[in-house]
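One structure below.
The values are calculated or read from the model by the stated rules, or taken from the named source; none is laboratory data. Keep in mind the model is a prediction, meaning the values are calculated, not measured. Note that we place each Cβ from the backbone using ideal geometry, even for glycine, and neighbour counts take in every protein chain shown. Ligands, DNA and RNA are stripped out before the accessible areas are found, and what is left, the full protein with its side chains, is counted by its heavy atoms. Shrake-Rupley method; radii C 1.70, N 1.55, O 1.52, S 1.80 Å.
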Amino acid sequence: MSFAATVLTLYPEMFPGPLGISLSGRALKEGTWSLEARQIRDHATDKHRSVDDTPAGGGAGMVLRADILAAAIDAATLPGDTRPRLLMSPRGKPLTQDRVRELAGGPGAIIICGRFEGIDQRVIDARQLEEVSIGDYILSGGEIAAITVLDAIVRLLPGVMGNQESGETESFETGLLEHPHYTRPAEFEGMTIPEVLTSGNHRKINEWRKAEAERLTRERRPDLWAAHQAKD
Ligand code: SAH
C-alpha cells in the first residue's frame with residue numbers, strides 16, 4: 001500500500017513541480033507514493049467559475065467559499081477514506097518532524113491549499129480540517145507549503161532514502177540539531193578538518209559529534225535544548 005497524496009488547489013500545474021525530481025520524483029515513478037492534484041475551480045457553480053467572494057464584515061481581499069471547497073473535498077474523498085485532511089494555514093500548528101513521521105506512517109493525506117485571505121471558517125469546521133503551518137511567515141498560497149509537507153513525508157517512506165541511517169541522525173530526529181559535516185579536500189582556504197574525524201576512532205568520533213550537536217542546539221535553539229533536557 002503506497003502513500004496516496006491528493007492536493008486541492010487553484011494551481012494544479014504547480015504539481016508535482018519539485019516533487020517530480022530527485023528522490024521524491026523517483027519514488028513517484030516507482031509507485032512508492034502517488035500524487036493527484038485536483039482543481040478546486042472544477043466545483044464552481046456559476047458561469048464565471050468563481051471560487052471566492054468578499055469577506056463578511058468587510059475588509060481587504062477575498063475568501064474561498066465554503067460550499068465550493070467542501071464539494072472539492074467530498075469529490076476527492078474515496079469511500080472509506082481515512083486520510084487526514086490537512087489545510088495549509090499560517091494559523092495552524094507548526095509542522096514538526098514528529099508529525100511528519102506520523103503522516104509518513106499513514107495511508108496518505110488530502111492537502112488543501114488556500115489562496116487569497118484564506119478560506120471560510122465553516123468548511124474548516126464541517127470537514128474537520130487540520131490546520132498545518134510551515135512557519136511564522138506568510139506565503140501567497142498553500143501550494144509551496146503543500147510541496148514542503150510532502151517532500152518531508154516522502155523522504156521517510158520505506159526505500160526512498162538510500163542510506164536509512166542518514167535519516168536517523170538528522171536534525172530533529174534526535175531532538176538535537178545535527179553536528180557539522182566535512183569532506184575532502186583535507187585543507188580548504190587554510191582550514192583543516194577536525195583531527196578527531198580523521199582519527200579512525202569511532203567512539204571518539206561519536207562523542208565529538210554528540211558534543212557538537214549539543215553545543216549547536218544550546219547556542220542556536222534554546223527551545224529545542226530545553227525540551228531535550230526535559231526528556232532526560
Ligand atoms: N490572511 C491569512 C494569510 C493568507 S495567505 C492570515 O493572515 O492568516 C494565503 C494562503 O497561503 C493561506 O490560506 C494558506 O493556505 C497559505 N499559507 C500562507 N502562509 C502559510 C504558512 N506559513 N504555512 C502554511 N500555509 C501558508
Which numbered condition Gly80 fails, given (1) more than 14 Å from the ligand (Cβ to nearest atom); (2) in contact (Cβ under 8 Å) with a residue 24 or more places away in the chain; (3) not in a helix (DSSP H, G or I): (2)
Residue count, segment 36-61 (criterion: open to solvent by 40 Å² or more (accessible area, probe 1.4 Å) and assigned to a helix (DSSP H, G or I)): 3
Top-ranked residue of segment 107-140 - restricted to ones that are in contact (Cβ under 8 Å) with a residue 60 or more places away in the chain and open to solvent by 10 Å² or more (accessible area, probe 1.4 Å), ranked as nearest to Thr174 (Cα to Cα): Pro107
Qualifying positions in segment 1-13 - under 16 Å from the mean Cα position of the chain (by Cα) and either of a type outside the set (S, T, N, Q) or farther than 20 Å from Leu129 by Cβ (or both): Phe3, Ala4, Ala5, Val7, Leu8
Test for Ile124: is it near the ligand (Cβ under 8 Å from one of its atoms) and either touching a Phe, Trp or Tyr at 6+ places or on another chain (Cβ under 6 Å) or at pLDDT 95 or above (or both): no
Residue in segment 94-107 that is in a helix (DSSP H, G or I), in contact with a Phe, Trp or Tyr (Cβ under 6 Å, 6 or more places away or on another chain) and not basic (Lys, Arg) present: yes
Residue list for segment 94-106, restricted to those being near the ligand (Cβ under 10 Å from one of its atoms) and either surrounded by fewer than 18 Cβ atoms within 10 Å (Cβ to Cβ) or more than 13 Å from the chain's Cα centre (by Cα) (or both): Pro94
Failed condition for Thr148, given (1) free of Cβ contacts under 8 Å to residues at least 60 places away in the same chain; (2) open to solvent by less than 50 Å² (accessible area, probe 1.4 Å); (3) in the same structural domain as Leu64 (by the TED database): (2)
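Condition check ((1) hydrophobic (A, V, I, L, M, F, W, C); (2) more than 30 Å from Ala27 (Cβ to Cβ); (3) open to solvent by 100 Å² or more (accessible area, probe 1.4 Å)) across all residues:
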residue: Ser171; (1), (2), (3): no, no, no
residue: Gly175; (1), (2), (3): no, no, no
residue: Asn201; (1), (2), (3): no, yes, no
residue: Arg209; (1), (2), (3): no, no, no
residue: Glu214; (1), (2), (3): no, yes, no
residue: Thr217; (1), (2), (3): no, yes, no
residue: Lys231; (1), (2), (3): no, yes, yes
Top-ranked residue in segment 64-93 [being of a type in the set (A, V, I, L, M) and open to solvent by 10 Å² or more (accessible area, probe 1.4 Å); ranked as nearest to Ile112 (Cα to Cα)]: Met88
Qualifying positions in segment 16-35 - buried (at least 16 other Cβ atoms within 10 Å of the Cβ) and among the hydrophobic types (A, V, I, L, M, F, W, C): Leu19, Leu23, Ala27, Leu28, Trp33, Leu35
Number of positions in segment 156-212 that are at pLDDT 95 or above, under 20 Å from the mean Cα position of the chain (by Cα) and among the charged types (D, E, K, R): 1
